[in-house]
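Down below is the structure, laid out as C-alpha coordinates.
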Amino acid sequence: MKIVWSSIIIICIIFSLIISSPSAVLESITKSSKTSIESIVTIASMLLFWSGIFNILSNTNIISKISTKIYSIFSFLFKKDEVSSKAKEYISLNIASNLLGIGNAATINSLNGIEELQKCNKNKDRLNKSMVTFIALNTASMQIIPTSMISLRTLYNSSNPELIILPVIIVSFISLCISLISVNILWRRYE
Amino acid sequence: MSSYIIPLFILIVILIGIFEKKDVYELFIEGVIKGLKTVYNIFPYIFAITIISGLLRDIGILNIFNIGEILPLIIMKPLSGGASTAIVLDIFKNNGADSFFGLFSSIIMASTETTLYVISIMSSKIKIKNMKIPIVCGLIGDATAIILGLIITKILI
(Lines give C-alpha, C1' and ligand atoms only; values in the text may rest on other atoms or scores of the structure.)
Protein backbone atom coordinates (compact mmCIF):
# COMPACT_ATOMS: atom_id res chain seq x y z
CA MET A 1 0.00 0.00 0.00
CA LYS A 2 2.93 2.23 0.87
CA ILE A 3 4.21 2.03 -2.72
CA VAL A 4 0.79 2.44 -4.35
CA TRP A 5 -0.15 5.42 -2.18
CA SER A 6 3.11 7.33 -2.41
CA SER A 7 3.62 6.75 -6.13
CA ILE A 8 0.13 8.03 -6.97
CA ILE A 9 0.73 11.17 -4.90
CA ILE A 10 4.17 11.75 -6.46
CA ILE A 11 2.93 11.20 -10.02
CA CYS A 12 -0.08 13.47 -9.51
CA ILE A 13 1.93 16.32 -7.98
CA ILE A 14 4.64 16.19 -10.65
CA PHE A 15 1.94 16.07 -13.32
CA SER A 16 0.19 19.10 -11.86
CA LEU A 17 3.45 21.06 -11.62
CA ILE A 18 4.38 20.43 -15.25
CA ILE A 19 1.18 20.01 -17.20
CA SER A 20 -1.95 21.14 -15.37
CA SER A 21 -2.21 23.80 -12.67
CA PRO A 22 -0.34 23.42 -9.33
CA SER A 23 -3.15 25.19 -7.50
CA ALA A 24 -5.39 22.20 -8.26
CA VAL A 25 -3.44 20.09 -5.75
CA LEU A 26 -4.55 21.94 -2.64
CA GLU A 27 -8.04 22.37 -4.05
CA SER A 28 -8.27 18.65 -4.64
CA ILE A 29 -6.94 17.73 -1.18
CA THR A 30 -9.37 20.12 0.51
CA LYS A 31 -12.23 18.69 -1.49
CA SER A 32 -11.24 15.08 -0.83
CA SER A 33 -10.86 15.67 2.90
CA LYS A 34 -14.41 16.91 2.93
CA THR A 35 -15.58 13.97 0.81
CA SER A 36 -13.89 11.49 3.13
CA ILE A 37 -15.68 12.99 6.16
CA GLU A 38 -18.95 12.72 4.25
CA SER A 39 -18.26 9.15 3.23
CA ILE A 40 -17.30 8.04 6.75
CA VAL A 41 -20.61 9.48 7.96
CA THR A 42 -22.43 7.48 5.27
CA ILE A 43 -20.43 4.34 6.02
CA ALA A 44 -20.81 4.77 9.78
CA SER A 45 -24.55 5.26 9.62
CA MET A 46 -25.17 1.83 8.13
CA LEU A 47 -22.15 0.08 9.56
CA LEU A 48 -23.21 0.90 13.12
CA PHE A 49 -26.66 -0.51 12.55
CA TRP A 50 -25.37 -3.76 11.04
CA SER A 51 -22.72 -4.01 13.72
CA GLY A 52 -25.50 -3.99 16.31
CA ILE A 53 -27.66 -6.50 14.47
CA PHE A 54 -24.79 -8.90 13.83
CA ASN A 55 -23.72 -8.67 17.45
CA ILE A 56 -27.18 -9.97 18.42
CA LEU A 57 -26.90 -12.69 15.79
CA SER A 58 -23.41 -13.80 16.76
CA ASN A 59 -24.53 -14.19 20.38
CA THR A 60 -27.38 -16.54 19.54
CA ASN A 61 -26.92 -20.31 19.68
CA ILE A 62 -28.54 -20.99 16.33
CA ILE A 63 -25.91 -19.05 14.37
CA SER A 64 -23.10 -21.47 15.18
CA LYS A 65 -25.19 -24.30 13.69
CA ILE A 66 -26.06 -22.33 10.54
CA SER A 67 -22.55 -21.02 10.05
CA THR A 68 -20.99 -24.49 10.34
CA LYS A 69 -23.24 -25.52 7.46
CA ILE A 70 -22.30 -22.53 5.28
CA TYR A 71 -18.66 -22.80 6.29
CA SER A 72 -18.47 -26.48 5.35
CA ILE A 73 -19.08 -25.51 1.70
CA PHE A 74 -16.07 -23.21 1.73
CA SER A 75 -13.92 -25.04 4.28
CA PHE A 76 -11.63 -26.43 1.56
CA LEU A 77 -10.30 -22.87 1.08
CA PHE A 78 -9.04 -22.54 4.63
CA LYS A 79 -6.55 -24.38 6.82
CA LYS A 80 -8.15 -26.13 9.80
CA ASP A 81 -5.70 -25.01 12.46
CA GLU A 82 -5.83 -21.37 11.37
CA VAL A 83 -9.59 -20.86 11.79
CA SER A 84 -11.32 -20.69 15.18
CA SER A 85 -15.03 -21.43 15.52
CA LYS A 86 -15.75 -17.71 16.02
CA ALA A 87 -13.83 -16.94 12.82
CA LYS A 88 -15.87 -19.57 10.98
CA GLU A 89 -19.02 -17.75 12.03
CA TYR A 90 -17.86 -14.40 10.67
CA ILE A 91 -16.46 -15.95 7.49
CA SER A 92 -19.80 -17.57 6.69
CA LEU A 93 -21.76 -14.42 7.60
CA ASN A 94 -19.37 -12.43 5.41
CA ILE A 95 -19.80 -14.78 2.45
CA ALA A 96 -23.59 -14.84 2.88
CA SER A 97 -23.90 -11.05 3.01
CA ASN A 98 -21.52 -10.68 0.05
CA LEU A 99 -23.62 -13.07 -2.03
CA LEU A 100 -26.81 -11.23 -1.12
CA GLY A 101 -25.17 -7.90 -1.87
CA ILE A 102 -25.62 -6.34 1.59
CA GLY A 103 -22.38 -4.37 1.34
CA ASN A 104 -22.31 -2.83 4.81
CA ALA A 105 -23.05 -6.13 6.52
CA ALA A 106 -20.29 -7.73 4.46
CA THR A 107 -17.86 -5.02 5.57
CA ILE A 108 -18.54 -5.43 9.28
CA ASN A 109 -18.25 -9.21 9.00
CA SER A 110 -15.05 -9.02 6.97
CA LEU A 111 -13.49 -6.85 9.67
CA ASN A 112 -14.69 -9.11 12.49
CA GLY A 113 -13.57 -12.15 10.52
CA ILE A 114 -10.05 -10.94 9.83
CA GLU A 115 -9.73 -9.90 13.49
CA GLU A 116 -10.70 -13.40 14.66
CA LEU A 117 -8.28 -14.95 12.16
CA GLN A 118 -5.54 -12.70 13.52
CA LYS A 119 -6.34 -13.86 17.08
CA CYS A 120 -5.48 -17.45 16.20
CA ASN A 121 -2.61 -16.45 13.92
CA LYS A 122 0.67 -17.78 15.35
CA ASN A 123 2.92 -15.07 13.94
CA LYS A 124 1.13 -11.75 14.53
CA ASP A 125 3.33 -9.77 12.13
CA ARG A 126 2.66 -11.98 9.17
CA LEU A 127 -0.48 -13.01 7.31
CA ASN A 128 -1.24 -16.70 7.25
CA LYS A 129 -2.75 -18.47 4.27
CA SER A 130 -6.33 -18.47 5.56
CA MET A 131 -6.13 -14.71 6.09
CA VAL A 132 -4.85 -14.16 2.55
CA THR A 133 -7.65 -16.35 1.20
CA PHE A 134 -10.24 -14.48 3.23
CA ILE A 135 -8.97 -11.12 1.93
CA ALA A 136 -9.01 -12.51 -1.63
CA LEU A 137 -12.67 -13.50 -1.17
CA ASN A 138 -13.44 -9.93 -0.17
CA THR A 139 -11.49 -8.22 -2.93
CA ALA A 140 -13.46 -10.23 -5.48
CA SER A 141 -17.06 -9.37 -6.20
CA MET A 142 -19.43 -12.09 -5.04
CA GLN A 143 -22.77 -10.35 -5.33
CA ILE A 144 -25.09 -12.63 -7.31
CA ILE A 145 -27.40 -9.96 -8.70
CA PRO A 146 -25.76 -6.58 -9.37
CA THR A 147 -28.80 -4.61 -8.19
CA SER A 148 -27.22 -1.15 -7.95
CA MET A 149 -25.68 -1.37 -11.43
CA ILE A 150 -28.99 -2.53 -12.89
CA SER A 151 -30.82 0.40 -11.34
CA LEU A 152 -28.20 2.83 -12.67
CA ARG A 153 -28.61 1.35 -16.15
CA THR A 154 -32.38 1.68 -15.87
CA LEU A 155 -31.94 5.29 -14.81
CA TYR A 156 -29.88 5.97 -17.93
CA ASN A 157 -32.51 4.54 -20.29
CA SER A 158 -30.92 1.20 -21.04
CA SER A 159 -33.22 -0.91 -23.23
CA ASN A 160 -32.07 -4.04 -21.42
CA PRO A 161 -30.64 -3.25 -17.97
CA GLU A 162 -30.68 -6.91 -16.86
CA LEU A 163 -28.45 -7.95 -19.77
CA ILE A 164 -25.44 -7.73 -17.45
CA ILE A 165 -26.63 -10.32 -14.89
CA LEU A 166 -25.27 -13.44 -16.58
CA PRO A 167 -22.01 -11.85 -17.82
CA VAL A 168 -21.36 -10.46 -14.34
CA ILE A 169 -21.92 -13.85 -12.70
CA ILE A 170 -19.55 -15.54 -15.16
CA VAL A 171 -16.89 -12.83 -14.97
CA SER A 172 -16.95 -12.51 -11.17
CA PHE A 173 -16.84 -16.25 -10.67
CA ILE A 174 -13.90 -16.82 -13.02
CA SER A 175 -11.95 -13.85 -11.69
CA LEU A 176 -12.53 -15.06 -8.12
CA CYS A 177 -11.17 -18.49 -9.11
CA ILE A 178 -8.13 -16.94 -10.80
CA SER A 179 -7.51 -14.78 -7.76
CA LEU A 180 -7.71 -17.81 -5.43
CA ILE A 181 -5.44 -19.85 -7.70
CA SER A 182 -2.88 -17.05 -7.68
CA VAL A 183 -3.09 -17.01 -3.87
CA ASN A 184 -2.12 -20.68 -3.89
CA ILE A 185 0.73 -20.22 -6.34
CA LEU A 186 2.17 -17.10 -4.70
CA TRP A 187 1.78 -18.58 -1.23
CA ARG A 188 3.92 -21.58 -2.10
CA ARG A 189 6.65 -19.24 -3.35
CA TYR A 190 6.29 -16.99 -0.31
CA GLU A 191 6.83 -19.91 2.05
CA MET B 1 -37.77 -9.72 -4.17
CA SER B 2 -34.50 -8.29 -2.89
CA SER B 3 -36.36 -5.51 -1.07
CA TYR B 4 -37.82 -8.17 1.25
CA ILE B 5 -34.50 -9.74 2.19
CA ILE B 6 -33.15 -7.05 4.49
CA PRO B 7 -36.28 -6.27 6.55
CA LEU B 8 -37.03 -9.98 6.91
CA PHE B 9 -33.46 -10.69 7.95
CA ILE B 10 -33.56 -8.01 10.66
CA LEU B 11 -36.92 -9.31 11.89
CA ILE B 12 -35.64 -12.88 12.07
CA VAL B 13 -32.49 -11.89 13.98
CA ILE B 14 -34.50 -9.98 16.61
CA LEU B 15 -37.02 -12.82 16.93
CA ILE B 16 -34.28 -15.43 17.35
CA GLY B 17 -32.66 -13.25 20.02
CA ILE B 18 -35.94 -12.90 21.94
CA PHE B 19 -36.72 -16.59 21.49
CA GLU B 20 -33.33 -17.55 22.94
CA LYS B 21 -33.98 -15.15 25.86
CA LYS B 22 -31.03 -12.89 25.06
CA ASP B 23 -30.95 -9.22 26.04
CA VAL B 24 -31.41 -8.06 22.48
CA TYR B 25 -31.17 -4.37 23.35
CA GLU B 26 -27.89 -4.63 25.30
CA LEU B 27 -26.37 -6.80 22.57
CA PHE B 28 -27.34 -4.24 19.95
CA ILE B 29 -25.70 -1.45 21.99
CA GLU B 30 -22.59 -3.58 22.48
CA GLY B 31 -22.42 -4.11 18.72
CA VAL B 32 -22.78 -0.40 18.05
CA ILE B 33 -19.88 0.31 20.42
CA LYS B 34 -17.76 -2.24 18.55
CA GLY B 35 -18.88 -0.59 15.31
CA LEU B 36 -17.86 2.85 16.57
CA LYS B 37 -14.36 1.56 17.34
CA THR B 38 -14.23 0.10 13.85
CA VAL B 39 -15.31 3.38 12.28
CA TYR B 40 -12.65 5.20 14.31
CA ASN B 41 -9.99 2.72 13.18
CA ILE B 42 -10.84 2.61 9.49
CA PHE B 43 -11.32 6.35 9.03
CA PRO B 44 -7.61 7.24 8.53
CA TYR B 45 -7.40 4.59 5.81
CA ILE B 46 -10.52 5.83 4.05
CA PHE B 47 -9.09 9.35 4.32
CA ALA B 48 -5.76 8.33 2.74
CA ILE B 49 -7.48 6.50 -0.12
CA THR B 50 -9.92 9.35 -0.76
CA ILE B 51 -7.01 11.80 -1.05
CA ILE B 52 -5.28 9.80 -3.79
CA SER B 53 -8.44 9.00 -5.71
CA GLY B 54 -9.35 12.71 -5.49
CA LEU B 55 -5.94 13.74 -6.81
CA LEU B 56 -6.18 11.28 -9.70
CA ARG B 57 -9.55 12.74 -10.64
CA ASP B 58 -8.96 16.47 -10.08
CA ILE B 59 -5.45 16.88 -11.47
CA GLY B 60 -6.71 15.81 -14.87
CA ILE B 61 -4.19 13.02 -15.17
CA LEU B 62 -6.94 10.58 -16.15
CA ASN B 63 -7.86 12.79 -19.11
CA ILE B 64 -4.68 11.75 -20.91
CA PHE B 65 -5.86 8.17 -20.77
CA ASN B 66 -9.30 9.12 -21.98
CA ILE B 67 -8.53 7.72 -25.42
CA GLY B 68 -9.79 4.34 -24.25
CA GLU B 69 -12.78 5.78 -22.33
CA ILE B 70 -12.56 2.81 -20.03
CA LEU B 71 -9.02 3.33 -18.69
CA PRO B 72 -9.93 5.94 -16.04
CA LEU B 73 -12.46 3.44 -14.68
CA ILE B 74 -9.87 0.65 -14.59
CA ILE B 75 -7.49 2.87 -12.62
CA MET B 76 -10.15 4.21 -10.27
CA LYS B 77 -12.17 1.08 -9.51
CA PRO B 78 -9.65 -0.54 -7.12
CA LEU B 79 -9.50 2.68 -5.10
CA SER B 80 -12.95 4.12 -4.82
CA GLY B 81 -16.48 2.90 -5.46
CA GLY B 82 -17.96 6.40 -5.48
CA ALA B 83 -15.44 7.89 -7.90
CA SER B 84 -15.70 4.96 -10.28
CA THR B 85 -19.49 5.13 -10.27
CA ALA B 86 -19.12 8.77 -11.33
CA ILE B 87 -16.89 7.69 -14.23
CA VAL B 88 -19.42 5.04 -15.32
CA LEU B 89 -22.23 7.60 -15.24
CA ASP B 90 -20.11 9.88 -17.44
CA ILE B 91 -19.70 7.04 -19.91
CA PHE B 92 -23.47 6.42 -19.81
CA LYS B 93 -24.13 10.10 -20.47
CA ASN B 94 -21.68 10.36 -23.37
CA ASN B 95 -22.20 7.00 -25.06
CA GLY B 96 -25.45 5.61 -23.65
CA ALA B 97 -25.87 2.66 -21.29
CA ASP B 98 -26.32 0.20 -24.17
CA SER B 99 -23.23 1.27 -26.11
CA PHE B 100 -20.07 -0.83 -26.21
CA PHE B 101 -18.37 1.22 -23.49
CA GLY B 102 -21.60 1.48 -21.53
CA LEU B 103 -21.98 -2.28 -21.36
CA PHE B 104 -18.27 -2.90 -20.83
CA SER B 105 -18.11 -0.43 -17.94
CA SER B 106 -21.29 -1.88 -16.36
CA ILE B 107 -19.76 -5.35 -16.39
CA ILE B 108 -16.42 -4.19 -14.95
CA MET B 109 -18.17 -2.12 -12.30
CA ALA B 110 -20.38 -5.00 -11.14
CA SER B 111 -17.86 -7.83 -11.30
CA THR B 112 -14.88 -6.27 -9.52
CA GLU B 113 -14.44 -4.91 -6.03
CA THR B 114 -12.62 -1.84 -4.74
CA THR B 115 -9.60 -4.04 -4.16
CA LEU B 116 -7.08 -1.61 -2.65
CA TYR B 117 -9.73 0.05 -0.51
CA VAL B 118 -10.88 -3.30 0.91
CA ILE B 119 -7.30 -4.39 1.59
CA SER B 120 -6.35 -1.18 3.37
CA ILE B 121 -9.44 -1.32 5.58
CA MET B 122 -8.91 -4.97 6.43
CA SER B 123 -5.23 -4.37 7.21
CA SER B 124 -6.24 -1.53 9.55
CA LYS B 125 -7.89 -4.12 11.78
CA ILE B 126 -4.90 -6.44 12.13
CA LYS B 127 -1.91 -4.08 12.05
CA ILE B 128 0.02 -6.16 9.53
CA LYS B 129 1.83 -3.98 7.04
CA ASN B 130 2.96 -6.49 4.43
CA MET B 131 -0.05 -6.86 2.14
CA LYS B 132 1.86 -7.79 -1.00
CA ILE B 133 0.17 -11.12 -1.74
CA PRO B 134 -3.43 -9.89 -1.23
CA ILE B 135 -2.74 -6.82 -3.41
CA VAL B 136 -1.14 -8.84 -6.22
CA CYS B 137 -3.83 -11.56 -6.13
CA GLY B 138 -6.66 -9.02 -5.94
CA LEU B 139 -5.31 -7.09 -8.91
CA ILE B 140 -4.79 -10.32 -10.88
CA GLY B 141 -8.48 -11.05 -10.26
CA ASP B 142 -9.44 -7.54 -11.40
CA ALA B 143 -7.33 -7.88 -14.55
CA THR B 144 -9.03 -11.19 -15.33
CA ALA B 145 -12.43 -9.56 -14.91
CA ILE B 146 -11.49 -6.73 -17.27
CA ILE B 147 -10.20 -9.06 -20.00
CA LEU B 148 -13.21 -11.39 -19.71
CA GLY B 149 -15.53 -8.39 -19.61
CA LEU B 150 -14.03 -7.12 -22.85
CA ILE B 151 -14.45 -10.50 -24.54
CA ILE B 152 -18.07 -10.89 -23.41
CA THR B 153 -18.94 -7.33 -24.41
CA LYS B 154 -17.47 -7.96 -27.88
CA ILE B 155 -19.64 -11.09 -28.18
CA LEU B 156 -22.79 -9.29 -27.01
CA ILE B 157 -22.42 -6.23 -29.25
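What percent does the relative contact order of chain A come to when contacts are Cα pairs within less than 8 Å and at least six residues apart? Could the numbers behind the result be given before it?
Details: 136 pairs, mean separation 30.2, N = 191.
Averaging sequence separation for qualifying contacts and normalising by length gives 16 percent for chain A.
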### Message
Can you give me the angle between helix A:85-100 and the longest principal axis of chain A, using Cα atoms only, in degrees from 0 to 90, rounded to the nearest 10?
### Response
50
#### Entry: Label-point separation, A:S75 to B:A48 (7 Å along Cα→Cβ), nm
3.7
### Summary
Relative to chain B, whose Cα atoms define the longest principal axis, helix B:24-58 and its Cα axis are tilted in degrees, nearest 10, by 20
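Please compute, for peptide B:13-21, the average count of beta-carbon atoms on other protein chains lying within 10 Å of each residue's beta-carbon.
Numbers: counts 9, 3, 0, 6, 7, 1, 2, 6, 0.
Mean partner-chain Cβ count within 10 Å for B:13-21: 4.
Largest first, what is the accessible-area ranking of B:I18, B:I135, B:I140 with a 1.4 Å probe?
Numbers: B:I18 105, B:I135 20, B:I140 60 Å².
Descending accessible area places them as B:I18, B:I140, B:I135.
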### Query
Excluding same-chain residues fewer than 8 positions from B:K22, which aspartates and glutamates have a Cα within less than 17 Å of its Cα?
B:E30
### Summary
Probe 1.4 Å, all chains present, heavy atoms only: B:I49 accessible area in Å², nearest 10, is 10
### Query
When the helices in chain A are scored as -39500 (n - 2.57) per DSSP H run of 4 or longer and the sum is shared across all residues, what 222 nm value do you end up with, to the nearest 500 deg cm²/dmol?
-25500 deg cm²/dmol
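Heavy atoms only, 1.4 Å probe, whole protein assembly: order B:D90, A:D81 by accessible area, highest first. It would help to have the intermediate numbers written out before the result.
Working: B:D90 80, A:D81 100 Å².
Highest to lowest solvent-accessible surface, that is A:D81, B:D90.
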### Task
Only helical DSSP H runs with n ≥ 4 go in: add -39500 (n - 2.57) per run for chain B, normalise by residue count and round the 222 nm mean residue ellipticity to 500 deg cm²/dmol.
-27000 deg cm²/dmol
### Query
Considering only protein heavy atoms, what is the solvent-accessible area of B:I128 at a probe of 1.4 Å, reported in Å² to the nearest 10?
10
### Task
Rounded to the nearest Å, what's the spacing between the alpha carbon centres of the stretch A:30-51 and the stretch A:114-173? Just the number, please.
20
### Query
Quick one: if you stick a label point 7 Å off each Cα along the C-beta vector at A:F173 and B:K22, how many nm between them?
3.3
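Keeping every protein chain in place, order A:K79, A:K2 by accessible area at 1.4 Å, biggest value first, i.e. largest first.
From most exposed to least exposed: A:K2, A:K79.
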### Query
Applying the Karplus parametrisation 6.51 cos²θ - 1.76 cosθ + 1.60 with θ = phi - 60° to the phi angles of the stretch A:174-190, what ³J(HN,Hα) value in whole Hz is obtained for each residue in order, glycine and proline being reported as x?
5, 5, 4, 4, 4, 4, 5, 5, 5, 4, 4, 5, 5, 5, 4, 5, 4
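The values are calculated or read from the model by the stated rules, or taken from the named source; none is laboratory data. Small disclaimer: the values here were computed from a predicted structure and weren't measured. Reconstructed Cβ throughout: ideal geometry from the backbone, glycine too, with neighbour counts over all protein chains shown. We work out accessible area using only protein heavy atoms, side chains counted, and drop any ligands, DNA or RNA first. Shrake-Rupley method; radii C 1.70, N 1.55, O 1.52, S 1.80 Å.
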